[in-house]
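For reference, the structure is listed below as C-alpha cells.
The values are calculated or read from the model by the stated rules, or taken from the named source; none is laboratory data. Since this is a predicted model, take the numbers as computed values, not measurements. No Cβ is skipped: glycine too gets one built from the backbone with ideal geometry, and neighbour counts run over all protein chains shown.
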Amino acid sequence: MTNKLFRRFSLILAVMMMALVLAACGETATPNATTAAATTAAATSAAATTAAPTTAAATTAATTAVATTAVATTAATTAATTAVTTVVATTAATTAATTTAATTAAVTTAAPTTTAAATTAAPTTAAVATTATPIPQASSEGNLVIWVDDGRAKALQPLIDNFVKQNGIKVTLQTLAFGDIRDQLKLAGPAGKGPDIIVGANDWVGELVTNGVIDPLDLGAKAKSFDPVSTNGFTYNGKLYGVPYGTEAVAMLYNKDLVPNPPKTWDELKTIAKQLQDSGKVPQGYTLQQDSPYHTYALLTGFGGYIFAKNPDGTYNPKDFGLDSAGGKAYAEQIDSMVKAGLLKKDVTGSIMEDAFKKGQTAMIIDGPWFIKDLKASGVKYGVANIPTMTTTPRPFVGVQGFMLSSFGKNKLLAKTFLTDFIATDDTMKAIYTADPRFPAWIPTQAGIDADVAAFGASAKTGDPLPNVPQMSGVWDNWGKSVTLIFQQQVAPDKAVTDASTAIRAKLQ
Amino acid sequence: MLQQQLERSSNNSGGNKGGGAQSRPSFSLRGLGLRLLGLAVIDAVASLFVITLFGDGLPIVAVAIILITIVVNWVFLSEQLYALRWLTPGVLLLILMVVYPLIYTIYSSFTNYGDSHRLTKDQVIAQLKTQTYQGANGATYSWTAYRSPDNKFKIILQNPTTNKSFIGDESGLKPYDAPATLPATLDGGFQKLTPFAAASQEKQLAALNLKNDQVAIQLISSSQAQELLSKYSFDPATDKLTDLESKVVYTPVKGTFTSSDGREIQPGFTSLVGGENYGRIFSDSNITAPFFGVFVWTIVFAAMSVLLTFAFGLSMALVLNDPQLPLKPLFRSLIFIPYTIPSFISALVWAGLFSIIGPVGIFSKTIFGDAFSWQADPNWAKVMLLFINTWLGYPYMMLICLGALQSIPTDMFEAAILDGATAIQKFFSLTLPLLLVSVAPLLIASFAFNFNNFGLINLVTKGGPPDSATTTPAGKTDILISYTFNLAFASGKGSDLGLASTISFFIFLIVAGITIFNFRFTKRLEEVF
C-alpha cells in the first residue's frame, strides 16, 4: 500500500525534476514547470529582478530568470573563492600607496564582492536576452561597466549621471575594494565576466598586461595635455595602457611651530634635527619609517642611486638595476650614519611615524597626501615642502591613478570613446579633481587648486613614476629588507644593498 | 520530544543493522512529502549549479555534482538504503570539498598556473588573432557615422593626407565627394551620430563592409579608422603561431609562444610543466637554504604554542575547578575574555603594545637598555610571538580542560588520598593522564592549526626580522606557510600558484605525517589507561 503511494510520488518527482532541468536549459517546457522554475529562481537569487527590464518577451521571462540566477551564482562562487586569495594577496607595493584600502580590504571584501556578483549579472543577462530573442535596437544598447573603488565611485557617480543623461548610454559603476579590482579582473576577465573599464594604479599595468587582461589605448593629440610622468607611469613595453587622472607623491611635511623655515638641503635638515633633539624639544627631529622602501626612494635618488635606469624617453630599463650603484651605496651609508648619530631610530613603522608627527614629537617627516586629512584633524600647524636636496635633486616615486581598458569588455569602441572623448576633457578632469582631490595629471586642471595638493603636486612633478614591471613585488621585498637591516644595524650598509641587489637581479632575469 | 526522536532514530538504525524490509521505519505521508520537497529543492539548486558550471567551462565538477545528486536521490528514495540516508550527503560533500581540492592542488603543482600564465591556450590564441598591424600602405582615416530611422548605418571615411573620402555601408565602399563640413543628414533620412551614439552601435558598425583593396578598415578610436591586417595566424595542425608582420614563427614552449631565437609573446597560457616545480624545491638555493631553519622553527612554534596554551589553560582550569574558589562565574568570564575578541584584532593590539611606542616596548627598553628590541632581535621576536599566541589560545584550552576535569571520577582521588598521595603526585599520576586521554585529539588539532598559523605571523612580525645571512625570502620568524606565501606571492614575479601548490602539497604531507604519528601515540595512551 505505502509502496504504491511511494512509487507514485517518485514518478511525480521525476517529472518535476525533468521539467526543472528542461526549463533551466531554456528549452520549451510545460507552462506549469516553467512557472515553478521561475519561482525557484526568484527565491534563490535577488538578481532575478534585473531580468525583468531587459527581457522583452513575457514568455521568455522565466527562462531568462533562470539564466540570470545561473550567472549570479557563478559570479558569487568566483567572488567567494577569490575573496580568500584577495585577502592574502595584498602586496607590499600597494600597501605603501593604499594603506587604508588594504587594511579595510580584509574586513569589507565579503560585502562588495557580493554586490559585485549581483550587479555584474545584469549585463550578462542582456547578452543572454539578445542571443535568445533578437531585441530591436534601442538607444541603450550596450552597458558600459566600470570597476571602481567605493570612494572614487562616489566621486564619479554625478559625472556619470550627467553623461548618461546627455548621451543616453547606459553606464554602470561597480564598486569593489581597491585591490580587488586588480585581482578580480585577473580571474573574472578571462571567464568573460569582466568590466569594460577599471580605475586603478599605474603599478598594476605590467602584471595586468602579462596576464593579458588589459588593452593598450591611444590618446592621439590629447597625450600632450597630460603630465609626462603620468603617461610614462602607464606605459609598458612602449605602449600606453591607461588614461591618467591624478598623481601622488611624497613630500616633506614639517611642523611650523618647531621648524619655521623648511630646510633646503639634507645637511640643513640634519642640523635642524640635531638642534631640536639636543634642546630636548622633541625626542626625534626627523623621522623615517624603516619598513617602507617606497618612502626612502627620494633619498636613494637624492644621493645619485636608482632602482631602474631610464631610457632617453623617460621610461624604465628593467635590465639596469641600481640599488648597489655608487649612489645606492651612498644612500645606504647615509641611513646607517644617521642611525649611528641618533638622527634615525630603528623599529619605526609608518603608523608610529605619523603618530609622532601628529603629536608634535617629531618635526619633519616624508609622507604622502593621504596623511593630510588625518593631520588636519590633529590640529598640528604643518607645512608641505619639496624634499631637501642631497647630492642631487631627489625624485620621489609618483603613483598615478587612471582608467584602464579591459581586454574582455563587450563595448571596446564605446569604452575607448568614453575615455578619450569624455574623461580626457577639461570639464570632466576638473570635476574628478573636485570630487577626489589628487594632483591632476591633466595639465589644464593643475592651475588654481588647493595649496596642499599643489605642494604635493610640485614634488610629484620632479618624481619618477612607480615602476610597473610585474617583478616589482620582488624588488620591494628584498630592498625593504635591506633597509630594515641597516636600520637595525645588523648588516653593514654596503653588504645590505649588495646582497639585496644580487637577489633582485636573479628575479629580474 | 527531542529525546524521543533520538531514541526512535537510534532504534531504527539499530534495527536496520539486522537488514530486511521489516526494519523499515514507520511510513508517514507527511514525512514522505517533506522528503520529496527537500529533494526537489536540492535537485533544483543542483541543476542550476550544474548548468552554471557547464557554462563556466568546468565540466568535471558539473559531472561530479550530477553524480552526487543522483546518488543522493537514489539513497533518499530507496527504502533499502535507509541506513546510508544521513551519511551519504556528508561523505559525498566531503569528497567534493576536501578530496577534490586536494587532487586539484596536486594537478596544479604540475602546471605553471600563475601570473602571466593565467589564460588558456585557446584564449591566448583568440586574443592574439584580434591583434592587428598597419601595413606599409595602410591608410588612416577619420570617420563619421550616420543612422537611418530603420537602423541602417553609413560611415564616411576621410583620408586627411590624400584628401580622398569614401562612404561605406553593407554593400561596400564608394568614393564620396565630401564638403568642407560634413552634412548633418544624408539622403534616405540618415542622421549624423555623435561619437558616443556611434560608439554604442559598435556591433552594427563592425558589420558594415568596409574594405579597401581587400584590406579591412577598422574603427580604432572615436575619430580614427585604419586599414589593418591581422598580425598573427595560428595553425592548429603544426601548433605554430606565425607573426604575419615580421614572418617570425613561434612554437609553444612551457606555456609561452617562443621563437627560435628566444623571443616570447605575452600573455602566456597555463600548461603542464612536468616536475619542474618539484625540481625547483630541491635545486633552487633560495628555497633549500632556509628550509631547514624554517622547518625547525615551525615545529618549535607549533609545539611550544600547544604546550604553553595547554599548561596555562590547565592551571587556570584547576584553579577554577577548586570548589573553595569564590566568585567562580566572574573569574571564569574574565579569564575567557581573550577568546571572545577576534584574534586578528588581539594580534594587532599586541603588536602595537610590543612596538617601540607601546607600553611593553617602552618598559622593556627601560629595563634592558636602548638597544633592546622585540622586533629586531630574532629570539625576542620569537618569544613575543609565543607570548601572544599563548594569550590568544589559553582560554580555549581552559574551557576543554574544565569540561574534561568534570568527567574524571572523584573516587580515584579519594583512594589516592587514603594511600597518602601528595597533591603533586595526584596531579601527575591521576589528573594529567586521565585528562590527556580525552584532550589529546584536541591538542593534535591545535598543533596542526598552529603549524599553519599564517595569520598571527603575518599580523605581528610579517616574518621579520629579515635574515641577514642570506638573501632569501625567509625571515627569522617565518613558518612554513608564511614562507610559502612569500615564495609564491610576495617575492617573485607576481603570483606563482603552481609553485605554491607544490609547497602546499609538501606541507600537507608533513602535517598529515605528524597527525598520523600523534594519533598512534594517543591510541597508545588510551590503551594504557
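Let me confirm something: among A:244, A:260, A:293, which residue is buried (at least 23 other Cβ atoms within 10 Å of the Cβ) and either out of contact with any strand residue (DSSP E or B) (no Cβ under 8 Å at 6 or more places or on another chain) or without any contact (Cβ under 8 Å) to a residue 24 or more places away in the chain (or both)?
It is A:293.
Considering only region A:314-327, how many residues are under 18 Å from residue A:508 (Cα atoms) and of a type in the set (Gly, Ala, Ser)?
Qualifying residue count, region A:314-327: 2.
Of all residues in region B:220-253, which are loosely packed, with under 14 Cβ neighbours inside 10 Å and in a loop (DSSP other than H, G, I, E, B)?
Within region B:220-253, B:236, B:237, B:238, B:239, B:246, B:247 qualify.
Given the criterion under 25 Å from residue A:268 (Cα atoms) and modelled with pLDDT under 95, identify the matching residue among A:356, A:309.
So the residue among A:356, A:309 that is under 25 Å from residue A:268 (Cα atoms) and modelled with pLDDT under 95 is A:356.
Only residues that are buried (at least 20 other Cβ atoms within 10 Å of the Cβ) and part of a helix (DSSP H, G or I): list them for region A:484-509, please.
A:484, A:485, A:486, A:487, A:493, A:496, A:497, A:499, A:500, A:501, A:503, A:504
Show me the strands (runs of 3 or more DSSP E) found entirely inside region B:151-192 where at least 1 residues are without any contact (Cβ under 8 Å) to a residue 40 or more places away in the chain and within 53 Å of the chain's Cα centre (by Cα).
Qualifying strands (runs of 3 or more DSSP E): B:153-158, B:172-175.
If the requirement is being more than 29 Å from residue A:231 (Cβ to Cβ), free of Cβ contacts under 8 Å to residues at least 60 places away in the same chain, of a type outside the set (D, E, K, R) and in contact with a helix residue (DSSP H, G or I) (Cβ under 9 Å, 6 or more places away or on another chain), which of these qualifies: A:506, A:500, A:454? Before you say what the answer is, go through the steps one by one.
On the way: A:500 fails: free of Cβ contacts under 8 Å to residues at least 60 places away in the same chain; A:454 fails: more than 29 Å from residue A:231 (Cβ to Cβ).
Only one candidate passes the filter, namely A:506.
So, residue B:311, is that one of a type in the set (Gly, Ala, Ser), crowded, with 17+ Cβ neighbours inside 10 Å and out of contact with any strand residue (DSSP E or B) (no Cβ under 8 Å at 6 or more places or on another chain) or not?
no
Answer yes or no: is there a residue in region B:206-214 that is in contact (Cβ under 8 Å) with a residue 60 or more places away in the chain, assigned to a strand (DSSP E or B) and either farther than 22 Å from residue B:171 by Cα or charged (D, E, K, R) (or both).
Within region B:206-214 (the criterion being in contact (Cβ under 8 Å) with a residue 60 or more places away in the chain, assigned to a strand (DSSP E or B) and either farther than 22 Å from residue B:171 by Cα or charged (D, E, K, R) (or both)), the answer is no, since none of the residues qualifies.
Does residue B:241 satisfy the criteria of being away from every other protein chain (no Cβ under 14 Å), within 27 Å of the chain's Cα centre (by Cα) and touching a residue at least 60 places away in the same chain (Cβ under 8 Å)?
no
To keep it simple, each residue is scored yes or no on (1) of a type in the set (Phe, Trp, Tyr); (2) within 30 Å of residue B:506 (Cα to Cα); (3) outside any helix (DSSP H, G or I).
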| residue | (1), (2), (3) |
| --- | --- |
| B:277 | no, yes, no |
| B:286 | no, yes, no |
| B:290 | no, yes, no |
| B:306 | no, yes, no |
| B:311 | no, no, no |
| B:319 | no, no, no |
| B:331 | yes, no, no |
| B:334 | no, no, no |
| B:345 | no, no, no |
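Among the residues that make up region A:471-481, is at least one of them surrounded by 24 or more Cβ atoms within 10 Å (Cβ to Cβ), over 22 Å from the mean Cα position of the chain (by Cα), without any contact (Cβ under 8 Å) to a residue 40 or more places away in the chain and in a helix (DSSP H, G or I)?
Looking through region A:471-481, at least one residue is surrounded by 24 or more Cβ atoms within 10 Å (Cβ to Cβ), over 22 Å from the mean Cα position of the chain (by Cα), without any contact (Cβ under 8 Å) to a residue 40 or more places away in the chain and in a helix (DSSP H, G or I).
Hey, among the residues in region A:353-367 that are within 14 Å of chain B (Cβ to nearest Cβ) and of a type in the set (Asp, Glu), which one's surrounded by the fewest Cβ atoms within 10 Å (Cβ to Cβ)?
Looking at the filtered set, the residue picked out is A:355.
Where residues in region A:312-324 are within 27 Å of the chain's Cα centre (by Cα) and modelled with pLDDT under 90, which of them is farthest from residue A:478 (Cα to Cα)? Full working, then the answer.
First pass over region A:312-324, keeping only residues within 27 Å of the chain's Cα centre (by Cα): A:313-323.
From the residues that got through so far, the ones that are modelled with pLDDT under 90 too are A:313-319.
Details: A:313: 28, A:314: 25, A:315: 23, A:316: 19, A:317: 19, A:318: 16, A:319: 17 Å.
Across region A:312-324, the extreme among qualifying residues is A:313.
Checking the condition under 24 Å from residue B:134 (Cβ atoms), within 14 Å of chain A (Cβ to nearest Cβ), hydroxyl-bearing (Ser, Thr, Tyr) and in contact with a strand residue (DSSP E or B) (Cβ under 9 Å, 6 or more places away or on another chain), which residue from B:161, B:144 passes? Step through it out loud before you land on a result.
Working: B:161 fails: within 14 Å of chain A (Cβ to nearest Cβ).
Among B:161, B:144, only B:144 is under 24 Å from residue B:134 (Cβ atoms), within 14 Å of chain A (Cβ to nearest Cβ), hydroxyl-bearing (Ser, Thr, Tyr) and in contact with a strand residue (DSSP E or B) (Cβ under 9 Å, 6 or more places away or on another chain).
I'd like to verify a number: residues in region A:325-352 that are within 21 Å of residue A:479 (Cβ to Cβ) and either facing chain B (nearest Cβ under 10 Å) or assigned to a loop (DSSP other than H, G, I, E, B) (or both), how many?
Qualifying residue count, region A:325-352: 9.
Please enumerate the residues belonging to region A:192-220 that are assigned to a strand (DSSP E or B) and either touching an Asp or Glu at 6+ places or on another chain (Cβ under 7 Å) or more than 10 Å from chain B (Cβ to nearest Cβ) (or both).
Selection gives A:197, A:198, A:199, A:200, A:201, A:214.
What number of residues within region B:76-95 are within 13 Å of another protein chain (Cβ to nearest Cβ) and not small (Gly, Ala, Ser)? So that I can check it myself, show each step before the final result.
Narrowing region B:76-95 to residues within 13 Å of another protein chain (Cβ to nearest Cβ): B:76-80, B:82.
Cutting the leftovers down to not small (Gly, Ala, Ser) gives us B:76-77, B:79-80, B:82.
Of the residues in region B:76-95, 5 are within 13 Å of another protein chain (Cβ to nearest Cβ) and not small (Gly, Ala, Ser).
Restricting attention to region B:82-107, which residues are under 22 Å from residue B:28 (Cα atoms) and exposed (fewer than 14 other Cβ atoms within 10 Å of the Cβ)?
Selection gives B:86, B:87.
Any residue in region A:173-186 that is of a type outside the set (Lys, Arg), under 17 Å from the mean Cα position of the chain (by Cα), within 12 Å of another protein chain (Cβ to nearest Cβ) and within 10 Å of residue A:408 (Cα to Cα)?
yes
With crowded, with 24+ Cβ neighbours inside 10 Å and within 30 Å of residue B:376 (Cα to Cα) as the only criterion, which of A:276, A:300 stands out?
On the way: A:276 fails: crowded, with 24+ Cβ neighbours inside 10 Å.
Result: A:300 is the single residue among A:276, A:300 that is crowded, with 24+ Cβ neighbours inside 10 Å and within 30 Å of residue B:376 (Cα to Cα).
Of the residues in region B:316-341, how many are closer than 16 Å to residue B:408 by Cβ, without any contact (Cβ under 8 Å) to a residue 60 or more places away in the chain and of a type in the set (S, T, N, Q)?
Adding up the residues that qualify gives 0.
Please specify each residue of region A:222-281 satisfying the condition of being over 30 Å from residue A:146 (Cβ atoms) and among the charged types (D, E, K, R).
A:256, A:257, A:264, A:267, A:268, A:270, A:274, A:278, A:281
Out of the residues in region B:341-357 meeting the condition of being more than 9 Å from chain A (Cβ to nearest Cβ) and either crowded, with 17+ Cβ neighbours inside 10 Å or more than 18 Å from residue B:395 (Cβ to Cβ) (or both), tell me which one is modelled with the lowest pLDDT.
Checking each candidate, the answer is B:343.
Give the residues of region B:73-115 that are in a loop (DSSP other than H, G, I, E, B), in contact with a Gly (Cβ under 8 Å, 6 or more places away or on another chain) and not hydrophobic (A, V, I, L, M, F, W, C), sorted by residue number.
Correct list: B:109, B:112, B:113, B:114, B:115.
When the residues of region B:369-400 are filtered to those that are within 14 Å of chain A (Cβ to nearest Cβ) and without any contact (Cβ under 8 Å) to a residue 40 or more places away in the chain, which remaining residue is farthest from residue B:462 (Cα to Cα)?
Out of the qualifying residues, it is B:369.
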